[in-house]
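Since the structure comes first, as structure tokens, the remarks are kept for the end.
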Amino acid sequence: MKVGIVGTGAVGAACALAMIARGVAREIRLVDRTRARAKAVAADMSYGAPLSPAVDVRCGDYDDLAGSALVVVTVGVNEKTGGATDRDDPSGRLKLLDTNARIYEDVIPRVVRAARDAVLLVVSDPPDPLADVAREIAEHDRVMGTGTLLDSLRFRVHLARQLGVGPQAVAADVLGEHGTSEVFVWSQARVAGTPVLRELERRGLDAGAFRAQIEHEVRFANISIIEGIGASQYGIGLVTARIAQAVLRDERAVLPIGSHHPRYGVTFSLPSVVGAEGVLEVLEPELSDDECDGLARSAEALVKVRERVG
């Protein structure tokens, strides 16, 4: 199976490397506005690729995306360049929409002309409204955003650390926007099947303080990473490779990723069945009243920002 990656900056390169290491695809084509960069990234990775399952990784132009089952789009300004690293700014990543929407208006038509049958995976920030931009340009529904899968993994990791267990034992999701209005689904969070809130009570922990700390750490994890290394790239690279695997192997895996929800009028994340055609079905989780209200507010925030770019 063949995957195209458009954009070979920090995030695009991390996505490609994670796919190579995971053995997701047989072919990976890298496209960048600076061909020399894509050529160098492909060459560097191809030298290490023999240590992973067989893969042919090369640079190319948009026409070389033909035959791709999945095209991953990572182009655009990032949070640091776009000034979206202020913890006190409620708009967060949404500040990047105007600039990146214009870039998508140039890039997505080229992708669609070359790979009309491909599933499109939006990784650029902010992925939710950009997925709506891409969907309207592509004129099909095989468009997804990476959504809150990374947020959910961060949630699980921080819960696991506080509870002294491995993150694999934690089941917990973040839904809604991949951004400041995201919703932490505490009501369904489990550690080895035990409700997390019940476990906090058993341990005599202050649930309010515990929740506030975890949510702060997760909500601003990207900024903490950017302050250290300049870009948040490795986690999203691994997440992208996992989503690509679900598509290319038609796994019907259930992941909290972004797709368009007509009831809300926007793209955001709910538990979604992911297979060869992208998001095949969306599951409706049982949420508390506060979580339902939070999801509605998240959708409202996305509707408002989406109206800015038409």
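A simple spin-label model places pseudo-atoms 7 Å from Cα toward Cβ; at residue 26 and residue 169 they are separated by 4.2 nm. Separation of region 146-181 from region 204-248 is 7 Å, based on Cα centroids.
How would you rank 195-201, 63-69, highest first, on the average number of other Cβ atoms within 10 Å across their residues?
Averaged packing, sorted descending, gives the order 63-69, 195-201.
Filter the GluC sites (Glu not before Pro) in region 206-286 to those in DSSP coil with at most 14 other Cβ atoms within 10 Å of their Cβ, and list the result. Walk me through the numbers on the way to the answer.
On the way: sites: 215, 217, 227, 251, 277, 281, 286; in loops: 251, 277, 286.
Filter output for region 206-286: 277, 286.
The chymotrypsin sites (Phe, Trp or Tyr not before Pro) found in region 18-122 include none that occupy coil by DSSP while having at most 12 further C-beta atoms within 10 Å. The sum of -39500 (n - 2.57) across all DSSP H runs of n ≥ 4, divided by the residue count of the chain, sets its helix-only mean residue ellipticity at 222 nm to -14000 deg cm²/dmol. To the nearest ten degrees, helix 127-138 and the longest principal axis of the Cα atoms of the chain are 40 degrees apart. Apply 1/(1 + (r/R0)^6) to the Cβ-Cβ distance of residue 80 and residue 296, taking R0 = 30 Å, and write down the FRET efficiency to the nearest 0.05. For residue 80 and residue 296, the calculated efficiency is 0.45. Apply the a/c threshold of 1.5 to the C-alpha gyration tensor of the chain and tell me whether it is rounded, prolate or oblate. It is prolate, given that a/c is not under 1.5 and a/b is the larger ratio.
The fewest-to-most ranking of 103, 229, 5 by surrounding Cβ atoms within 10 Å reads 229, 103, 5. Between the Cα long axis of helix 149-163 and the first principal axis of the chain there is an angle of about 40°, rounded to the nearest 10.
Name the shape class, rounded, prolate or oblate, that the alpha-carbon gyration tensor gives for region 262-307, where a ≥ b ≥ c are the square roots of its eigenvalues, rounded holds for a/c under 1.5, and otherwise prolate holds if a/b is larger than b/c and oblate otherwise. Because a/c hits 1.5 or more and a/b fails to exceed b/c, region 262-307 counts as oblate. Over the chain, Cα pairs under 8 Å with separation of 6+ residues give a relative contact order of 19 percent. Where both bridge residues fall in the chain, DSSP classifies roughly 50% of the beta bridges as antiparallel. Cross-link reach is defined here as a Cα-Cα straight distance under 19 Å, omitting same-chain residues fewer than 8 places apart; for residue 95 the lysines meeting it are 80, 304. Pair-distance distribution P(r) for region 170-310, from all Cα-Cα distances in 10 Å bins starting at 0: 10, 33, 38, 17, 2, 0 percent.
Any read-out appearing in this document is the output of simple, stated calculations on the displayed coordinates, not a laboratory observation. Predicted model only: the values in this text are computed from it and were never measured. No Cβ is skipped: glycine too gets one built from the backbone with ideal geometry, and neighbour counts run over all protein chains shown.
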